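Here is the structure we will look at.
Nothing in this text is a laboratory measurement; each read-out follows from the coordinates by a stated rule. Computed from a predicted model, the values in this text were never measured in an experiment. In this analysis, Cβ positions are derived from the backbone assuming ideal geometry, glycine residues included, and neighbour counts consider all displayed protein chains.
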Amino acid sequence: MRVVIAGSSGLIGTTLVPLLRQAGHEVIRLVRRRASAPDERSWNPPAGTLDDGALDGADAVVNLCGVNLGDKRWSGEFKQRLRDSRIVPTEVLAAAVAQHGIPVLVNSTGSNIYGDTGDRIVDETAPLGTGFLAELCRDWEAATAAARNGGARVVSLRTGPVLSPAAGLLGELRPFFALGLGGRLGDGRQYLSWISLEDAAGAIRYVLEHDDVSGPVNLTGPAPVTNAEFTRALGEALHRPTMLVVPGFALRIARGSELADEMALSGQRAVPAALERHSYEFEHPTVGAALSAALDR
């Protein structure tokens, strides 16, 4: 299979590319600069352009683009940047997939699409939530319409926090926990629909290779945990105490109310029903196994 990947230099992409190649697939990486390697092709999403021949012979396109949600406080300008970094590239790729008759588009979105679900378990059939992130993910998925209308098999990956040793959620938390400064956020009852880095990449490979998988797919582990449970598990994995509590008001002051409320003080109890229905076998089915794998790397 010839797979074209946008966002190949990101957290998931850097693991997905070698995984696909080891499985015998050819990978072409879309880059936003002049192509300098045989496997690179240039593109410019704001201009809506790709190198001539960038998608020639492609069997699938994978889109992992998007500015990190927690990079900055959520000003109006930054929120627009978050939207543009996701929706614009998706629209460009979806139109190109339709134009070139490419049979598959796998597009990353987020489990935030369900809003704050409390302790209610949600799968891919659950109604969409409210709030900035839920609306962003809804519009992100809608941006694939051209590919779907053109007859492509479209998979929308509703991705939860990815557990990786040097980036993402663990990259942010590990230094504090290592110093004994780890603790639950707010009341700790908000759910975290984590997934290991290996399973995030492995599940993408799986949906590429299985033609019967389409539509929304929760890219999450099979056993979501509360923030308090995750805090305890991470403390145990690092052999550090986790007695502290970070009050909600302190998070709102430090990160801004909207970001704190939507990313730290609320959550989704999302389960990967579609992956399980299609018999994907998780390499790390528990948060303890996922943390051990990430911290041992």
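Give me the percent of Cα-Cα pairs in the chain that sit more than 26 Å apart, rounded to a whole number.
43
Between A47 and D212, what length in nm is gained on full extension when 0.36 nm per residue of separation is reduced by their alpha carbon distance?
Using 0.36 nm per residue and subtracting the Cα-Cα distance, I get 56.0 nm.
Considering all projection directions equally, how large on average is the shadow of the alpha-carbon convex hull of the stretch 145-248, in square nanometres?
8.1
Can you tell me the order of 64-75, 23-34 when each peptide is scored by its average per-residue count of other Cβ atoms within 10 angstrom, highest first?
Ranking the peptides 64-75, 23-34 by packing returns 64-75, 23-34.
What is the magnitude of the charge dipole of the chain about its Cα centre, with +1 placed on the Cβ of each Lys and Arg, -1 on the Cβ of each Asp and Glu, and no other charges, expressed in debye to the nearest 20?
Dipole of the chain, to the nearest 20 debye: 760 debye.
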